[in-house]
Amino acid sequence: MNMKEQLENIRLTAEIELGKITAEPELEAAKIKYLGKKGELTAILKGMGSLSAEERPVIGQTANTVRGFIEEKISAIEAGLKEKSNALKLEAEKLDVTIPGKKRGIGHKHPLSIVLDEVKDIFTGMGFQIATGPEVEWDYYNFEALNLPKNHPARDTQDTFYITENMLLRTQTSPVQIRYMEKNRPPIRIIAPGRTYRSDPVDATHSPLFHQIEGLVVDKGITMADLKGTLLAFAKRLYGEGTKLRLRPHHFPFTEPSCEVDVSCFKCGGEGCPMCKGEGFIEILGAGMVHPNVLKNGGIDPEEYSGFAFGVGLERLTMFRFAIDDLRLFFENDLRFLSQF
Ligand code: PHE
C-alpha cells in the first residue's frame, strides 16, 4: 500500500468509526487515535521525509484534506453530543408548574389552649388583667400565706414535689393572689392561669401536672353576690346562655365563707345523664370570700377592703366543654386525638 492508499484507508475507517460514536469518552478516544501526536495521521506525516520532491506536496495535501475531513467530522459529532446532553439536562430539570404543591400540615391550638383562650377572652372582657406566678414556689406563698401553716391537715390533700424543705412545685395557682396583692393596690381584678402540680398517680381524672386558673377580685364593698354574678356570667359565656350555677358550702383555709361551684350539665340541661353522672350538675371550681388573714398577708387592710377568689381546673373545664372522658389524652400528644379540635 502506498501512502496515498494508506491515507484513503484512514479516512474510510475514520468515517466508519466516527459514525458509530454515541458518547463523549468514545469521541475523546477517537480524537487521540486520529489526530493525536501518536496518532495514525502523524505517523504517516513523519514518514514523508522518504518521499520524492514531486510526491511530497501531493501526499502532504492529501494528508491535510484527510485531517480536515476528520476534524470536521469530529466537531460535528461534538456539537451533536452537546446538543443531546443539553436536551437531557433540560428534560431532567423540567418544572411542571401545573403539579399541585406539597401540602404542609398546619398545626392548631391544643384543646386546653382553646379553652384557656376562651376563658381569658371572657374575663378580660369583664375588665380582668392576666397575672402570672412561678411554678417553683416558696412554701410561704403556696401554703403559709394562704392560711395553711406547717402541719395544717389540709396540706395532706395537696401533697407535692419538694425542691427543698421550703421550696416546692406549686399545688395551686392561689399563691399568685399573695404575690399580686404584695405589688398592687385595689381595685384588683385578675385571673392567673398556669401549671400546677400534685403527687397524684395518673388516672382518667388525675395527673401530677395540671392547670388551674385563679381569679381574684379585691375592692371596697365586694360581696358574695359579686362572686356569684361574675361566675354566672363566665359559665354562661363558656357553656351557653341557659347554664345555671349551684353553690355548695365547702371549706378552703384561704376563703371564708367558701363554696364549691357547679354548673348545670350542658348535655342534659340538669335532667341527669351519664355526663353528669345523673346529678344534673357538674363541679367546676372552688371559690369564696378572701380570708381576712390572706388580705393582711397581701398587705391589704381587711377592714377597708373585701374580695372574692376562685380556682378553676382547666382540664375539667375542657373535658366538659368537649365531652372528653380521659384527662390523659391531653398529655399524650396523639394526633388522632389532637386533630379533632
Ligand atoms: N386553690 C383551690 C384548689 O386548688 C381552689 C380555690 C381557689 C378555692 C381560690 C377558693 C379560692 O383547690
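Just a few scattered comments:
- Note on I163 and A87: the extension gain reaches 20.3 nm, defined as 0.36 nm multiplied by sequence separation minus the Cα-Cα distance.
- Under 25 Å from K103, Cα to Cα: lysines that are on another chain or at least 8 residues apart: K94
- Length added when fully stretched, D325-K37, from 0.36 nm per residue minus Cα-Cα: 94.8 nm
- Both radii are taken from the alpha-carbon atoms of the chain; with Rh as the Kirkwood radius, Rg/Rh is 1.65.
- Three principal axis extents describe the C-alpha atoms of segment 3-92; from largest down they are 58, 19, 16 Å.
- Any cysteine of the chain lacking a neighbouring Cys Cβ under 4.7 Å - listed by number: C259
- 0 to 90° range, to nearest 10: angle between helix 24-35 axis and the chain longest Cα axis: 20 degrees
- All distinct Cα pairs of segment 241-283 go into the 1/r average, and the inverse of that average, the Kirkwood radius, is 10.9 Å.
- Span from the segment 180-207 Cα centroid across to the segment 143-170 one, whole angstrom: 14 Å
- For L329, net neighbour charge (Lys/Arg +1, Asp/Glu -1) across residues whose Cβ lies under 11 Å away: -3
- Between the residues C276, Y305, I324, the greatest Cα displacement towards the positive end of the dipole of the chain, with unit charges on the Cβ of Lys, Arg, Asp and Glu, is found for I324.
- Here the label points at K103 and V202, each 7 Å from Cα along the C-beta direction, are separated by 3.1 nm in the simple model.
- Summing Cβ point charges (Lys, Arg +1; Asp, Glu -1) relative to the Cα centre of segment 279-325 gives a dipole of roughly 120 debye.
- 3J(HN,Hα) along segment 310-320, derived from phi through the Karplus expression 6.51 cos²θ - 1.76 cosθ + 1.60 where θ = phi - 60°, amounts to 8, x, 10, x, 5, 4, 4, 3, 6, 4, 6 Hz, with x in place of Gly and Pro.
- Computed E for L209/E26 - FRET, C-beta separation, R0 56 angstrom, nearest 0.05: 0.20
- The simple spin-label model puts a point 7 Å past each Cα toward its Cβ; for S75 and V136 those points are separated by 8.0 nm.
- Dipole-positive endmost among Y162, F234, N142 within segment 111-338 (Cβ charges, Cα centre): F234
- Farthest toward the positive end of the dipole of segment 3-92, out of G36, T13, Q61, is the Cα of G36, where the dipole comes from beta carbon charges about the Cα centre.
- Electrostatic dipole magnitude of the chain [Cβ: Lys, Arg +1; Asp, Glu -1; Cα centre; debye, to 20]: 700 debye
- With a simple spin-label model that places each label point 7 Å from the Cα along the Cα-to-Cβ direction, the separation between R246 and L335 comes to 4.3 nm.
- Under 14 Å, Cβ to Cβ, from G240 - net charge with Lys/Arg +1 and Asp/Glu -1: +3
- Sorting K33, K220 by the number of Cβ atoms found within 10 Å of their own Cβ, with the fewest placed first, yields K220, K33.
Laboratory data are not the source of any read-out in this text; all were calculated from the coordinates shown. Predicted, not measured: the structure shown is a model, and the values here were computed from it. Positions of Cβ are backbone-derived with ideal geometry, glycine not excepted, and every protein chain shown enters the neighbour counts.
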